[in-house]
Amino acid sequence: MKEITERQLEIIEASSKLLTKGGVSGLTIKNIAKEMEFSESAVYRHFKSKEEIIIAMLNYLSESMNIRLSKICSSDNSAKQRLINVFESQLDFFESNPNFVVAVFSDGLFEESQKINEAIQRIMAVNMKNLIPVVAEGQVKGEFINTMTPEELMHIVMGSFRLQMYKWRISNMKFDIQTEGKRVLNNIIKLITL
């Protein structure tokens, strides 16, 4: 992905706030310009469409997530602790940046856009790329069950996390995601550890 300018990042942040407040229908170039207090043509100088803004938002998230998760997954902690640390980091990130939750955990977000689907798939690939080796190592060292492949285990873990984040989003972030997320995480860890 090309480097994001400071102004593009401001547009991404304003757009993500609008997504949180009004969903996809509230995200218009007109509303973005109003939120940022400048003209629509100024937004168009940086992005051609709201689809391009959402893609940039998802790519930005993917890259920053990869940096954060790579650091956690390469630590000297046990595989189990690294897995816990990754999901606690994700909970911290999304609690601090709920605007990204709408973009990542929405059903029907520009379903007709193959480019947005590909950007969301890149986010999933970042998670899998970082976590599958941790799970595989945990299986070899006897920390995690080995009755299924690391990929299958990660689908269960990621699916549970995604469902919890989706429930938080559709409740308009009304419950404590840290408490509920850690409860789910602890139950998942109990299920997959020996």
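Within segment 15-40, the set of residues being of a type in the set (A, V, I, L, M, F, W, C), modelled with pLDDT under 90 and either within 18 Å of the chain's Cα centre (by Cα) or closer than 17 Å to Val102 by Cα (or both) comprises Leu18, Leu19, Val24, Leu27.
Checked across segment 96-105, the condition of being within 10 Å of the chain's Cα centre (by Cα), crowded, with 18+ Cβ neighbours inside 10 Å and either outside any helix (DSSP H, G or I) or at pLDDT 95 or above (or both) holds for at least one residue. Each residue in segment 54-80 was checked for being without any contact (Cβ under 8 Å) to a residue 60 or more places away in the chain, under 21 Å from Ile120 (Cα atoms) and surrounded by 14 or more Cβ atoms within 10 Å (Cβ to Cβ), and 5 of them qualify. Selection of segment 37-53 for residues being within 27 Å of Ser171 (Cα to Cα) and either touching a Pro at 6+ places or on another chain (Cβ under 9 Å) or hydrophobic (A, V, I, L, M, F, W, C) (or both) yields only Ile53.
Test Asn85 against the stated conditions and say whether it is at pLDDT 85 or above, open to solvent by 10 Å² or more (accessible area, probe 1.4 Å) and assigned to a helix (DSSP H, G or I). Criteria met by Asn85. Of all residues in segment 1-43, those that are under 19 Å from Lys115 (Cα atoms), open to solvent by less than 70 Å² (accessible area, probe 1.4 Å) and of a type in the set (D, E, K, R) total 0.
The values are calculated or read from the model by the stated rules, or taken from the named source; none is laboratory data. Quick caveat, the model's predicted, so the values are computed rather than measured. Heads up, the Cβs are rebuilt from the backbone with ideal geometry, glycines too, and the neighbour counts pull from every protein chain shown. These accessible areas exclude ligands, DNA and RNA; they are computed on the full protein's heavy atoms, side chains included. Shrake-Rupley method; radii C 1.70, N 1.55, O 1.52, S 1.80 Å.
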